[in-house]
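These notes are about the structure you will find just below.
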Amino acid sequence: MRWFLFNRTQSCGGNGNGSASSGPAYLNPSLVAEGDRPSPVEFEGLSCEWRRPIPLWRAPRIHGELKMLGIAISERTVSRVLRTIRSRPPSQTWKTFLRNHLGEIVSVDFFTVPTVRLRVLFVFLVLEHLRREVLHFNVTDHPTSEWVSQQMVEAFADREVPRYLIRDQDGVYGNEVRRRLHSLQIEEVLTAPQSPWQNAYAERLIGSIRRECLNHFIILNGRHLKRTLARYFKYPPIPSSSVAGKGHPIDREVLKHGAIVEISELGGLHHRL
């Protein structure tokens with residue numbers, strides 16, 4: 001910290017005539033007299049440079065460090081100068097939030113599937129972020145708040161309740177859903193309107209379901225759709241190379257002996273070894 005105060009330059013504050021200058025002489029303890037008071041322009045430049053690498057420091061901490069360096073200035077002056085500096089510590093990004101709470105988050109979403117008779121079915125998913133595993137899903141032709149509330153109960157009936165649940169602002173998540181989540185002590189995190197990227201894990205899963213499964217089937221009815229998705233989720237079509245230490249969330253033991261056997265999945269649409 002002393003090195004920083006002795007060597008940083010006044011790129012934020014300047015020297016009073018609009019140009020940047022080197023750090024003032026009082027920053028060097030060998031050149032400063034006990035009790036010297038820096039000018040407001042000099043101190044503003046110092047504070048600006050200090051706040052840039054240490055954005056969480058406030059007036060009491062900065063005032064204490066200055067006193068230890070022999071710079072006599074009041075805490076009130078430090079606070080007043082800091083209020084004029086526009087740079088503030090950035091808020092936590094959405095990506096940082098997802099990474100920090102990866103093991104405590106689930107996300108939910110709907111997607112639609114047309115049938116051979118031109119009916120529209122709604123699929124509801126509950127996805128765990130840590131392992132990208134589908135904890136629960138169900139199919140209906142008329143989703144309501146009461147129906148979604150019941151799905152929440154079924155999803156967490158026999159497993160640990162997450163801390164956060166990410167969802168969009170669809171009207172189907174009504175008062176009944178909010179009351180149920182509150183009773184389960186789950187905090188809702190709402191995505192912004194028309195921002196599906198904020199629920200990226202669920203959106204990516206839905207895209208994979210369409211490309212790798214539903215685009216190759218003609219769905220007859222709700223029972224057929226539910227049976228097809230159950231088989232798909234039982235065996236997610238993930239390349240074998242992705243499990244051998246390449247970041248796949250579900251570990252699989254690497255076998256060194258035995259015959260290679262091909263097993264057909266989803267009517268031959270996918271195979272596993």
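The values are calculated or read from the model by the stated rules, or taken from the named source; none is laboratory data. Please read all numbers here as calculations on a predicted model, not as lab measurements. Heads up, the Cβs are rebuilt from the backbone with ideal geometry, glycines too, and the neighbour counts pull from every protein chain shown.
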Segments classed as strands (runs of 3 or more DSSP E), wholly inside segment 115-171, with at least 3 members that are of a type outside the set (Asp, Glu) and closer than 26 Å to residue 220 by Cβ: 120-128, 133-140
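For segment 120-142, name all the residues that are of a type outside the set (Val, Ile, Thr) and touching a residue at least 60 places away in the same chain (Cβ under 8 Å).
Answer for segment 120-142, where residues must be of a type outside the set (Val, Ile, Thr) and touching a residue at least 60 places away in the same chain (Cβ under 8 Å): 121, 125, 127, 129, 130, 131, 132, 133, 137, 138, 141.
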Filter pass, residue 225 being at positive phi and out of contact with any helix residue (DSSP H, G or I) (no Cβ under 7 Å at 6 or more places or on another chain): no
Residue check, residue 117 more than 23 Å from residue 233 (Cα to Cα) and touching a Leu at 6+ places or on another chain (Cβ under 9 Å): yes
Options 214, 130, 165: the member that is surrounded by 12 or more Cβ atoms within 10 Å (Cβ to Cβ), among the aliphatic types (A, V, I, L, M) and closer than 20 Å to residue 232 by Cβ: 214
Residue within segment 193-204 that is part of a helix (DSSP H, G or I), small (Gly, Ala, Ser) and more than 26 Å from residue 101 (Cβ to Cβ) present: no
Flag for residue 120 being surrounded by 19 or more Cβ atoms within 10 Å (Cβ to Cβ) and either modelled with pLDDT of 95 or more or touching a helix residue (DSSP H, G or I) at 6+ places or on another chain (Cβ under 9 Å) (or both): no
